[in-house]
Amino acid sequence: MASSASSHGSINAADHSPPPPPTASAPVQAVENNLLTPVALSSVSLHGAKNTRRSLLDHVFKPLVRESASADTTFGDVLARLSIANQKLARYDIFKEDSIRVFISEALEQPQPGLHLDCTNLDVSISVKEKSRLVLSAGTDFGNAEGSAYTNAVIRNILGGAETLSVNASTGTRTRSAYNAVFSTPVNGNPDLRLGLEGLRSSTQKPWASHEEQLTGGNLRLAYLADNGDSHALAYSGVWRQLTNLAATSSPTVRADAGDSLKSSIAHTFTRDRRDRAGNPMLSQNGWLLRTVSELAGWGPLRGDVAFCKSEVEVSGAVPVLNSIRGGLPSGISVGGGLRMGVLYPLPTGYSLTGPAQPSRINDRFQLGGPTDVRGFKQCGLGPHDGTDAVGGDVYAAGSVNMLLPLPRAGPESPLRIQLFTNGGRLVALKNKGKAGEGGPTAALDSRAVVNGISSAVCELADGLPSLAAGVGLVYAHPVARFELNFSLPLVQRRGEEARKGLQVGVGINFL
């Protein structure tokens, strides 16, 4: 297929024919000497995109042709714009990145009407290879505090517009079964703006609270990656939740929240990641991260039978040390730290801000403690407990400081590190919350009780020392997950919390 992109040039997409033989490559010095030479694009041809729609490619190459129609366009301008166009092609994730080849030659045909006659007219030919449209995979995956085995099928470029359909089934150490299907597509041909639709069903055991949670629902998600690397994600989620399979010893708090609930919410996630992770994505030793998550459920038109506003913020960073001792070379020693905070504010359903609000459910409250956040405590061992059940809290703060040291003889390039750490946190429940009877509902709260309760909970975070632990361990930063084997010693433990003295194994992708 071939057609003109504008009156000042053309874009040709040829599916099967090989690119024309390129002229001999000019030496680098010759290219540099001609960066300021006035040029105009006569044509742009793409070869190898046999399953890709022309309309998608127009979003990449029409701006290139249009911007190159200016009389003051130079060869350097064209090279810079071609680089941007090729980066866009790569971000569609339907072409092999190492297959993209660009050939530039002087136009062989007579210039089209509208091109400048006092400049050099160029033909650009781009060769690509598409990735396999169907990919089947199986293996193991690691998330925070859980490992799983999965099978996955991915179909790329379904309709020729860089659409993707991913179907996944998994079972894990906590998640008994999980199934989800996600369809995503670029919006208006922009690889950095994608719209996704997901359906899911899962069943997860939560032994720290003597129950199992089953989820059935879906979400609609719009994700955007800015030019400076910041990412935004806006999502609507509707989920039917079942809290079931209660243990015989489950507490009254868990029994009160058992049964069905429907959550309808919108959420926004912002991430600014300035960590240097070029060597190993799981071993950042320089830079910082800022992430915020905000969720609004059940209020206004969202409906559902739970209503709240929930916000979290995470800040972390690391700096290398002792580089100068080795003549400025990396020593492999770094000092890092992190801080996380969150608050859950109950709201009345409907459009009122002053009506009665139900206290938060165990499904929605924060949990804290374990080998991937506050080490030295059992999984969800911090915060309020009812008997042996960790029932979560509405306000929390947690922080850590650590030092990573390379192993003797391993060197700074090794993914192995010795870790020295101290961490701590507080998880507090909303004050003035109505008490639950045996299997009965909790009492509703008026707006003043909610404000006073949240204020008291926030003040309690600074009341006395937080739960603290320190330790030493071994870190292995695999490119897909981080493994930690730590010996932890709890230093401060509050009444009712569950500490973990001794060895503790952590596997995950996001550690405090």
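Pick from Ala469, Ala436: which is in the same structural domain as Ser311 (by TED's automatic domain parsing), surrounded by 15 or more Cβ atoms within 10 Å (Cβ to Cβ) and modelled with pLDDT of 90 or more? Don't jump to the end; show me each part of the working.
Values: Ala436 fails: modelled with pLDDT of 90 or more.
One residue alone meets the criteria, Ala469.
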Can you tell me which residue is modelled with the highest pLDDT among those in the stretch 81-140 that are of a type in the set (Ser, Thr, Tyr) and within 18 Å of Pro191 (Cα to Cα)? Tyr92
Would the stretch 340-350 turn up any residue that is at pLDDT 95 or above and over 13 Å from Phe308 (Cβ atoms)? yes
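Are any of the residues in the stretch 347-356 small (Gly, Ala, Ser), touching a Pro at 6+ places or on another chain (Cβ under 6 Å), closer than 19 Å to Ala297 by Cβ and not in a strand (DSSP E or B)?
So the first thing to find is which residues in the stretch 347-356 are small (Gly, Ala, Ser), and the list is 350, 352, 355.
Narrowing further to those that are touching a Pro at 6+ places or on another chain (Cβ under 6 Å): 355.
Imposing the further condition that a residue be closer than 19 Å to Ala297 by Cβ reduces the set to 355.
Narrowing the set further to residues that are not in a strand (DSSP E or B) leaves 355.
So far as the stretch 347-356 goes, yes, one or more of its residues are small (Gly, Ala, Ser), touching a Pro at 6+ places or on another chain (Cβ under 6 Å), closer than 19 Å to Ala297 by Cβ and not in a strand (DSSP E or B).
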Residue that is surrounded by the fewest Cβ atoms within 10 Å (Cβ to Cβ), among those in the stretch 304-320 that are touching a residue at least 40 places away in the same chain (Cβ under 8 Å) and more than 20 Å from the chain's Cα centre (by Cα): Asp305
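What is the residue count in the stretch 262-276 for residues that are surrounded by fewer than 16 Cβ atoms within 10 Å (Cβ to Cβ) and not aliphatic (A, V, I, L, M)?
Number satisfying all stated conditions: 6.
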Count of residues meeting criterion [in contact with a Gly (Cβ under 8 Å, 6 or more places away or on another chain) and without any contact (Cβ under 8 Å) to a residue 60 or more places away in the chain] in the stretch 285-303: 6
Right, Asp305: closer than 29 Å to Glu413 by Cα and either assigned to a loop (DSSP other than H, G, I, E, B) or of a type in the set (A, V, I, L, M) (or both) or not? no
Please name all residue pairs, on different chains or six or more residues apart, with Cβ atoms under 8 Å, provided the first residue is in the stretch 45-64 and is closer than 21 Å to Leu134 by Cα and the second residue is in a helix (DSSP H, G or I). Gly48/Ser99; Ala49/Leu57
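Quick one: in the stretch 162-181, which of the residues that are part of a strand (DSSP E or B) and either aliphatic (A, V, I, L, M) or in contact (Cβ under 8 Å) with a residue 60 or more places away in the chain (or both) is farthest from Gln205 (Cα to Cα)? Break it down into steps so the answer makes sense when it comes.
Taking the stretch 162-181 and keeping what is part of a strand (DSSP E or B), we get 164-172, 175-181.
Next, from what is left, pick out any that are either aliphatic (A, V, I, L, M) or in contact (Cβ under 8 Å) with a residue 60 or more places away in the chain (or both): 164-165, 167, 169, 178, 181.
Values: Thr164: 31, Leu165: 28, Val167: 22, Ala169: 17, Ala178: 12, Ala181: 22 Å.
Among residues in the stretch 162-181 that are part of a strand (DSSP E or B) and either aliphatic (A, V, I, L, M) or in contact (Cβ under 8 Å) with a residue 60 or more places away in the chain (or both), the one farthest from Gln205 (Cα to Cα) is Thr164.
Val343 - would you say it is under 20 Å from Gly279 (Cα atoms), outside any loop (DSSP other than H, G, I, E, B) and either aliphatic (A, V, I, L, M) or outside the structural domain of Glu460 (by TED's automatic domain parsing) (or both)? Even if it seems obvious, please write down each step before you answer.
Details: under 20 Å from Gly279 (Cα atoms): no; outside any loop (DSSP other than H, G, I, E, B): yes; either aliphatic (A, V, I, L, M) or outside the structural domain of Glu460 (by TED's automatic domain parsing) (or both): yes.
No: the conditions fail for Val343.
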If I go through the stretch 287-298 residue by residue, how many of them are surrounded by fewer than 17 Cβ atoms within 10 Å (Cβ to Cβ) and either of a type in the set (A, V, I, L, M) or more than 24 Å from Tyr224 (Cβ to Cβ) (or both)? 2
For the structure I just gave you, tell me whether Phe366 is aromatic (Phe, Trp, Tyr) and over 23 Å from the mean Cα position of the chain (by Cα). no
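The values are calculated or read from the model by the stated rules, or taken from the named source; none is laboratory data. Source: prediction; values computed, not measured. Here Cβ is always computed from backbone atoms with ideal geometry, including for glycine, and neighbour counts include all displayed protein chains.
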